[in-house]
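These notes concern the structure reproduced below.
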Amino acid sequence: MTTGDRAILILMENGFEDMELMYPLYRLREAGYRTIAAAPKAGQTYQGKHGYPWVSDAAIDDIEEKDFAGIILPGGWCPDKLRRAAKVKDLIAAFDRSQKLVAAICHGGWMAISAGVYRGVRVTGSLGIKDDLENAGAIFESAPVVIDRHFVSSRNPDDLPAFMQGVLGVLSNTRT
């Protein structure tokens, strides 16, 4: 899959936080980015935490970091499932090594924790994972959005406007 510097990867699995998948996906499309929602299986319908269905564009195992400008890690219940997959952890770590956007909202930070990329990084997230973030070496701040280099994080769906301003700001500063 070759998509280029105008493509953003969004990870999903059953139980994704509906708004944390949909809002970034549509805002990125409005800004001219191609979005790829990747899940364990391509072309399969996954159910959001609040019941909204979404069909995956690609299988996570078929994704390569080099084909994307950044990755979005939505919350809900799906991060607890996805963070166990070696490929998910490898992808997130690859985005970090390449200094490309790594953006997590709410419980999405669990995936970044499991990928080992948050040590020494200023972040926010759901208060439910504050201890996990700090135990992983992150520097927790309670704010609508925290931007630290190529990392963007937010606390919950109410923070989505600030989250997306941060995401688009980081993307505009890192484009080649």
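The values are calculated or read from the model by the stated rules, or taken from the named source; none is laboratory data. If you're wondering where the values come from, they're calculated on a predicted model, not measured in any experiment. The area values use the complete protein model at the heavy-atom level, side chains included, leaving out ligands, DNA and RNA. Shrake-Rupley method; radii C 1.70, N 1.55, O 1.52, S 1.80 Å.
With Cα atoms as the point set, the radius of gyration and Dmax of region 4-154 evaluate to 13.8, 38 Å.
Note on region 102-146 and region 1-60: Cα centroid distance 21 Å, given to the nearest whole angstrom.
In percent, rounded to a whole number, the relative contact order of region 1-140 is 23, using alpha-carbon pairs under 8 Å and six or more apart.
May I have the count of lysine pairs in region 4-158 with C-alpha atoms under 27 Å apart, counting pairs 8 or more residues apart or located on different chains? Counting lysine pairs in region 4-158 gives 22. Applied to region 18-32, the Karplus parametrisation 6.51 cos²θ - 1.76 cosθ + 1.60 on θ = phi - 60° returns per-residue 3J(HN,Hα) values of 3, 5, 6, 8, 5, 4, x, 4, 6, 4, 5, 4, 4, 7, x Hz, with x for Gly and Pro.
Backbone amide hydrogens, once placed in the peptide plane, bring residue 5 within less than 5 Å of nothing, excluding anything fewer than 5 places away on its chain. For the chain, the solvent-accessible area works out to 43 Å² per residue, with a probe of 1.4 Å and every protein chain left in place. Shown in residue order for region 140-149 are the 3J(HN,Hα) couplings computed by the Karplus curve 6.51 cos²θ - 1.76 cosθ + 1.60 at θ = phi - 60°: 7, 9, 8, 8, x, 8, 10, 10, 9, 6 Hz (x for Gly and Pro).
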